Each structure stands twice: as C-alpha cells, then as structure tokens.
1. Once amide H atoms are built 1.01 Å from N in the peptide plane, which residues 5 or more positions from residue 68, or in another chain, come under 5 Å H to H?
2. Which whole-number percent gives the relative contact order of the chain, counting Cα pairs below 8 Å spaced six or more residues apart?
3. Across bins of 10 angstrom width beginning at 0, how are the C-alpha pair distances of the range 144-259 distributed, in whole percent?
4. Counting only protein chains, not ligands or nucleic acids, how are 173, 18 ordered by accessible area (probe 1.4 Å), most first?
5. With a 1.4 Å probe and all protein chains kept in place, how do 151, 45 rank by accessible area, largest first?
6. If eta is 0.890 mPa s and T is 25 °C, what Stokes-Einstein diffusion coefficient results for the range 211-320, Kirkwood Rh from Cα pairs, in µm²/s?
7. State the extension gain, in nm to one decimal, for the chain segment bounded by residue 207 and residue 160, taking 0.36 nm per residue of separation less the distance between their alpha-carbons.
8. Taking the 0 to 90 degree range and rounding to the nearest ten, how far is the long axis of helix 114-129 tilted relative to the main principal axis of the chain, both from C-alpha atoms?
Amino acid sequence: MTTTDAPQAAPPPTGKRRIGDVVFAGLARSSGLLILLILAGVAAFLIVQAWPSLAANTQNFLTTQEWEANVREDPAFGIAALAFGTVLAATIALVMATPVAIGIALFIVYYAPRRLASLLGYMVDLLAAIPSVVYGLWGIGFLAPQLVPVFESISRYLGWIPLFAGPPSPSGRTLLTASVALAVMILPIITAMSRDVFQQVPQGHREAALAMGATRWEMIRLAVLPFGKSGIVGGAMLGMGRALGETMAVAMILSPSLSISWNVLQSGNQTIAGHIALQYPEATGYGVSALIAAGLVLFAITLIVNMAARYVVARGNKEA
C-alpha cells in the first residue's frame, strides 16, 4: 500500500457542537458573570447603606480623624486615621513577611531533603488554618509582653527614626506588635505562591547556569528569582490584601484609639477592620451606616491592591 492509499483520519465535525461542550461553556461563562455580579452587588450594598451617614456627616469623611457617629443628628466622623493605620500595619507586615517567605520557599524547593521539605511545607500550610482569634490571643497574651524589652532597645538605639521614637508602650499593644502577628498570618500565602513558582522554573535554565560554573546561590539569583519575580509580587500583594482585611487579631492586640501617628512603638493607631469589629455591637443612630462607609473604603483599598497584583503578574508574564 502506497502513501496515497493510506486511510486518512476523519476531519473533526464542523456542524453541531456537542451538548457537553455547550453546557460546559455556558456554566463557565455563567460562573465568570456571577463573580462580577457578586462584586457589583457588594459594592452597591455598601454604597446604598453608607449614603445616609455620608450625606449627614458634618465633617470631611476622607480627612477627619475623629469618630462621633453614634448620634441621631449631625454626626462627625472620618476615615483618615483608620485608613492610615490599616495601610501602615499591612505594609509593615508585608515588609517583614516577604523576605522570610521567599527564604522558606527557596529552602523547601532547592535545599531541604525531600522528607524535610514535605514536612516544612505542611507546617507552613498549617499556619493558614489557625483561626485569627488564636493569633489574637497569642499576640495579646505572649507576643506583646515579650516584645516590650525589644521595643525599648529599638527605641534606645533607633529612636532618631520617627517610626521608633520613644517612649515605647509598656503594654506592648502597639501597631508593630499587630504587624508582627499579621506577618505570621500572611506568611503561608506568600510562601505557597513563591514555592509554586520556584518549582516551575525550567530545568534547562537551572542546568545551564550550573553548567557555566555558577554556584547554587548564583543559579538561584540568575535563573530562579528573575523567572519567579511576577509570582513573588503577586503572592505578596495577595498577602497584603489578607493583612488589610484582618479583623479579630488586630482588634484584640491594638488598644482602641484614633490618631495618625508614625510611631509604631506607642499605642494610638487602629485599623478599619478592627474599628468595625469593636464599634459595631454598640453602634446606634448613624453609627451602623458610618461603619459600613468605613467598610466601603476598606473594600476599595483591597480591590485596588488586588488589581495592582494582577497587573504586575500579567506584566511579568508578558516580559517573560
């Protein structure tokens, strides 16, 4: 039999689409639209519920630090101090957690023996399963008292930096303590994403670097980290989104206060989520609507952070 006589494969059907393809495409499209509808519904709910207090507010909502909303007329409240504390706490937590998470991920993927790597990966993932109230109890009962002498040393030697100007709080219930707890809470998120992206580095890139005489650290610096840069940034931004919205741990650790202060060793800052958790049970009058307005700001900040993360990841994938 010649080549021309060989049986030819049947062409794919070009007529009707199979019922399974139609159903699956419809379900996938509906799922995507459902996410958009839920997001729009949450935003609409927050705007509608927050509008009465925003319309009656006698102060500038974005620049005022005070919070006098539990009244039935002429409320005066603002989000400035809460938004400042939220962003500052999440940023400090991100700065502390990201290098540690990258180091853990690199050790698990490229240095640890297989059994130890599996155990460490399990232990890191276990941190994500611990309830936030447990972190709050750990922070207020153990971490805060243990950090008091550390804060005193930091204030003594680094007090010339506005962040560490003294005197430190004797209770240890400061923004820096809350940031340490947040850093531990977001560690599994950043570590998991970094570990996954490090495992996807092409073996040819790593072998080429080693064949040219690079050490293991030089191979990681030249081949692994550039390849995983977008994944690391994306994981860090997702971790920051978790830190921005954390409620119970922060509410339990921080002392209730409303002020804008760069000094993270003193009591005085509060976050939006923590303030909502503490104020909601006693909210009256315009109080509930004002807290929903604060939640709207937190929703916007979290949305912006996640959109920025998606942009960075997409840009990194294009450059790669």
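1. HN-HN under 5 Å from residue 68: 76, 77, 78.
2. Details: 455 pairs, mean separation 83.9, N = 320.
After rounding, I find 26 percent.
3. Bins of 10 Å from zero give 13, 28, 23, 21, 13, 2 percent of pairs.
4. Details: 173 70, 18 180 Å².
Sorted by accessible area, descending: 18, 173.
5. The residues order as 45, 151, largest area first.
6. Working: Rh = 17.0 Å.
The estimated diffusion coefficient comes to 144 µm²/s.
7. Working: separation 47, 0.36 × 47 = 16.92 nm, distance 4.79 nm.
Length difference between fully extended and current span is 12.1 nm.
8. It is inclined by approximately 40 degrees.
The values are calculated or read from the model by the stated rules, or taken from the named source; none is laboratory data. Bear in mind that the values here come from a model prediction, so they are computed numbers and not experimental data. Heads up, the Cβs are rebuilt from the backbone with ideal geometry, glycines too, and the neighbour counts pull from every protein chain shown. In case anyone asks, the SASA skips ligands and DNA or RNA and just uses the protein heavy atoms, side chains included. Shrake-Rupley method; radii C 1.70, N 1.55, O 1.52, S 1.80 Å.
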